[in-house]
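What follows is calculated from the coordinates using simple rules that are stated; it is not laboratory data. Keep in mind that this is a model prediction, so the values were computed, not measured. Neighbour counts are summed over all protein chains in view; Cβ atoms, including those assigned to glycine, are modelled from backbone coordinates with ideal geometry.
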Amino acid sequence: MTMQKKTIFLTGGTGFVGKAFVHTYCSTYNFILYVRNIGRARKKYASLLSEQNITFVTKIADCKDIIIDVVINLAGEPIAKPWTDKYKRTLYDSRVNLTSKITADFKIHKISPKIWINASAVGYYDLQVLKNMRANEYTENGDAFSASLCHDWEQQAFHAKKELLVNKLVIARFGVILDKTGGALAPMYNMAKYSKTTLDFGGGHGIVNWISLTDAVSFLHYSIENTLNKEIYNVVTSTSLTFSQLNKKIKHSCKGWLSLNMPNFVLNTLFGDMGNQLFKSKIDVESNLKDCSNFKLEHDDVLDLL
């Protein structure tokens, strides 16, 4: 007897992680991609348009007659831009307020998914703390903008669970997601490859809590198909590293020979709060993926990705 495919409602489907997830599991699940512009979204999925199980929608009302089994909520404008007051509002609206709207619209149209997987980030934790402190899933959130953003986004996911009677909620606090094809690693790798130069931010002492794109995608799949004993997971490798250590690995892989440092005043001028909160983090986040039975990381060393 053939099992019926689960239907996944996916936000952020044209982003780095969302697109990788659909490409990896396009034959495993039916997908409803919630997008702002169907034409642009279809271009990003041109190689998969022959698949009959990918549907693009711009309104929740278009899903009212579809049984949605799983929500994967990855939506959000890119973090890696200067955080002006205006852009902070954009980051908040595209995560917190969008999640609130989806929940309200689901309730109106009586859509009740069994599983809700919500992205968050290790930026939930206070980034300006003593160097050797480790954070786990029970550590309280900080009061910086990134921490407040993650906290409020997670609270909307808990609200969705209550309002929509969701059976299983998973909060995935992702570290920096690394892959040579995109995200944070691609420009660093390409710079080292073509100019033989690496660039440290603010001395390179900031801690990078990371996960490979492959493992981030695998965790989403694992969360759908397995029973979990927790709701919150720090989706990071067991070993973090500093930006300087990351650059040394990149330089070694690309046979680079020059390392430059972006001074703090330049970092602050170019990136403002974003530079302070992301590139100068001193917090080491403890992975709790070991609590997921039979879930194995494919990449636990950045060199594997290079």
Q: Inverting the mean 1/r over all pairs of different Cα atoms, compute the Kirkwood radius of the chain and quote it in Å.
A: 20.2 Å
Q. What length, rounded to one decimal in nm, is gained on full extension from Leu260 through to Asn37, with 0.36 nm per residue of separation minus their alpha-carbon distance?
A. 76.3 nm
Q.
Starting from the 7 Å offset along Cα-to-Cβ, what nm value, one decimal, do you get for the label separation of Asn167 and Asn226?
A. 1.8 nm
Q) If each of Asp304 and Thr197 carries a label point 7 Å out from its Cα toward its Cβ, how far apart are those two points in nm? A) 3.2 nm
Q. Here are some pairs, Lys6/Lys110; Lys5/Lys101; Lys196/Lys296; which of them have Cα atoms lying more than 23 Å apart in this structure?
A. Lys5/Lys101; Lys196/Lys296
Q) Residues with amide H under 5 Å of Asp200's amide H, sequence separation 5 or more or different chain, H placed in the peptide plane at 1.01 Å from N; which? A) Leu260, Asn261, Met262
Q | ³J(HN,Hα) computed for each position of the range 24-36 - Karplus, 6.51 cos²θ - 1.76 cosθ + 1.60, integer Hz, glycine/proline x | A | 6, 10, 5, 9, 9, 10, 8, 10, 10, 9, 8, 10, 8
**Q.** Inter-site label distance for Asn190 and Lys44 at 7 Å from Cα along Cβ, in nm
**A.** 1.7 nm
Q: Go through Lys180/Lys282; Lys43/Lys290; Lys43/Lys251; Lys251/Lys290 and tell me which ones have a Cα-Cα distance over 28 Å in this structure.
A: Lys43/Lys290; Lys43/Lys251; Lys251/Lys290
Q) If you take the beta carbon distance between Lys86 and His159 as r and set R0 to 30 Å, what does 1/(1 + (r/R0)^6) give as a FRET efficiency, to the nearest 0.05? A) 0.70
